[in-house]
Amino acid sequence: MFKLLLAILLATLQAKLGWAISCGGCVDLDEINFDKTIVRFPYALVKFDIAFPYGEKHEAFAEFSKAAHKATAELLVATVGIKDYGELENKALGERFQVDEKQFPGIFLFKGNVDQYIQFPAHLDVTLDNLKSFVSSNTPLYIGREGNLKQFNDAIKNYANKEDNQQLALIQKMIAEQQKLTQPEEQQNAKVYIVYMRKINEHGYVFVEEETKRLLRLKAGKVTAAKKLELQLKLNILEVFRVSKLTKAAQEKEDKAEL
């Protein structure tokens, strides 16, 4: 009884004070419609959480929902609210997928049916960028970080490890791609890609590390909200150039610098 009264009080306060964060585009699923809804989409990202979720994790999921709806129609973004009081709504559904109520939220990526799914790694923070990376890494869908351009991301994979002549040829190719863009924002982002491509060609992979440190230092300083957003967009683009293993000889760049 105490839990029920507490939950009602919390829901009332959330409604009056605006604590609850809406999740635009999210579909509410329950034990009745869960299976039938999941199978209607090629992919579904579902968050199991308390009945009235709030806080940074829920806010990040809500932001992801907005980004996903702009990027694709093949991904369902949904929520399941679990109550541990009253009629225990959706509690059995949570138990079915072994959701740990002590570590809410539990986030699952379903691939066309309720039996094929991957759980969002527990060691990762629930952030907008991590949710995007999780979906993009486990599906053919592309939901890039803010500022990213898919055609540029695809073209510059492993760019830092390419030979100098290959890098230079790719720069010219992407300049041509930039000229095809019609949106000013996309053109500006493309310009950043090209600047970074040139810098890496001139200085090697060390530029990625040094520029990342510089941008993070600036972002941590006293800057306007607009400037902070600009710096974050550059960081998002710079992250695309990162490679898991550097195979191109660093000595090649050192020799060039000595000439």
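What residue, among those in segment 44-68 that are part of a strand (DSSP E or B) and among the hydrophobic types (A, V, I, L, M, F, W, C), is surrounded by the most Cβ atoms within 10 Å (Cβ to Cβ)?
Leu45
How about segment 31-43: which of its residues are surrounded by fewer than 16 Cβ atoms within 10 Å (Cβ to Cβ) and among the aliphatic types (A, V, I, L, M)? Within segment 31-43, Ile32, Val39 meet the criteria. Answer yes or no: is there a residue in segment 131-143 that is touching a residue at least 12 places away in the same chain (Cβ under 8 Å), over 18 Å from Ser65 (Cβ atoms) and crowded, with 18+ Cβ neighbours inside 10 Å. Within segment 131-143, none of the residues are touching a residue at least 12 places away in the same chain (Cβ under 8 Å), over 18 Å from Ser65 (Cβ atoms) and crowded, with 18+ Cβ neighbours inside 10 Å. I'm trying to understand the selection: among the residues of segment 211-259, which are at pLDDT 90 or above, of a type in the set (D, E, K, R) and not in a loop (DSSP other than H, G, I, E, B)? Within segment 211-259, Glu211, Lys213, Arg214, Arg217, Lys219, Lys227, Lys228, Glu230, Lys234 qualify. Selection over segment 71-98 of residues that are under 14 Å from Leu128 (Cα atoms) and surrounded by fewer than 16 Cβ atoms within 10 Å (Cβ to Cβ) gives a count of 0. Among the candidates Glu163, Glu177, the residue that is surrounded by 14 or more Cβ atoms within 10 Å (Cβ to Cβ) and under 27 Å from Gly204 (Cβ atoms) is uniquely Glu177.
The values are calculated or read from the model by the stated rules, or taken from the named source; none is laboratory data. Just so it is clear, the model here is predicted, and its values are computed rather than measured. A quick note on method: Cβ atoms are made from the backbone with ideal geometry, for glycine too, and the neighbour counts reach across all protein chains shown.
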